[in-house]
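Below is one structure, written out as C-alpha cells; comments come after it.
The values are calculated or read from the model by the stated rules, or taken from the named source; none is laboratory data. Since this is a predicted model, take the numbers as computed values, not measurements. For neighbour counting, all protein chains shown are included, and Cβ atoms are generated from backbone atoms with ideal geometry for every residue, glycine included. These area figures cover heavy atoms from the full protein model, side chains too; ligands, DNA and RNA do not enter into them. Shrake-Rupley method; radii C 1.70, N 1.55, O 1.52, S 1.80 Å.
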Amino acid sequence: MVNAVVDRPADNRVAVPTGAPPKGRIAVLTADVVEDVEFFYPYYRFTEAGYEVDVITPSGGELTAARGMKLLETVALAEVDPADYLMLFVPGGHAPLQLRTLPAALDFVRAFATADKPVGLVCHGPQVLVSAGLADGRRMTSWYGVAEEIETAGGTWVNEAVVHDGPFFTARKPGDLPAEMHAIIEHLDQRSQTAGATGV
C-alpha cells in the first residue's frame, strides 16, 4: 500500500480562498472564548462569497474559541486600519466582554460606524456597541440577556432574527446567522454595484 502525502496547511481551519478575484476585505474582530459557530460560520461564509477576511484579536497570535476550536494566527488590533476594510463583523460568546474593556477595540468599531461602513454583530456582540456609545437611538437585537443593556443605553431591542438599522446588522443567536449573513452579503453586493455604477 502506498502512503499518500497530503499537503496540509499549518492551520487546518484557515479558510481557503475560492480562487476568484477578491471583492474586498472584511475585518472580524474577536477574542478568546468567542462562541465557535458565531466566529467560524461568518468567517467561512465571507470567504465563500469572495471576500478576504482578516481575523483581528487584541494581541494577535492564536485564537481559542469557547468550545476549543482554534485559529493559529490572527492579526493584532494595533496593526490594522479600519480604512482598509469594507465592513466589520463582531461575533458573540464571551469575547465581547473583553473587547468592550479595550479603548482601541471601541475606537475600531466607532471608525466603521462613523464612516457608514456596515457592522455585523451576533448574540453578545452588541455589548460592544453599548460600550462604544453606539446603541443610543438604534433599533437592534441580540441574545436575550443583553436586551436590558441595550434599552438602558437608549436603544430599542426587538425579538427578531435580523435587524438592520443604519450601519448595524444584528442577530440574536447562532441559528439566526444564515439569515444575517444573507442580508449582509446582499447589502455588500448592492453597495459594490452602486459604487461601480457611480465610479466611486
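Applying the criterion of at least 1 residues that are within 19 Å of TYR41 (Cα to Cα) to the helices (runs of 4 or more DSSP H) found wholly in the stretch 120-200 leaves 126-131, 177-198.
In the stretch 151-200, which residues are touching a His at 6+ places or on another chain (Cβ under 8 Å) and hydrophobic (A, V, I, L, M, F, W, C)? Correct list: PHE169, ALA183. Within the stretch 34-63, residues that are without any contact (Cβ under 8 Å) to a residue 40 or more places away in the chain and surrounded by fewer than 21 Cβ atoms within 10 Å (Cβ to Cβ) reach partners that are acidic (Asp, Glu) and part of a helix (DSSP H, G or I) with beta carbons closer than 8 Å, at six or more positions or on different chains, in the pairs GLY60/GLU79.
Does the stretch 80-97 contain any residue that is among the hydroxyl-bearing types (Ser, Thr, Tyr), open to solvent by 50 Å² or more (accessible area, probe 1.4 Å) and out of contact with any Ser or Thr (no Cβ under 8 Å at 6 or more places or on another chain)? If you could, list the steps in order and put the result at the bottom.
Taking the stretch 80-97 first, the residues among the hydroxyl-bearing types (Ser, Thr, Tyr) are 85.
Retained after the next criterion (residues that are open to solvent by 50 Å² or more (accessible area, probe 1.4 Å)): none.
Looking for residues that are among the hydroxyl-bearing types (Ser, Thr, Tyr), open to solvent by 50 Å² or more (accessible area, probe 1.4 Å) and out of contact with any Ser or Thr (no Cβ under 8 Å at 6 or more places or on another chain), one finds none in the stretch 80-97, hence no.
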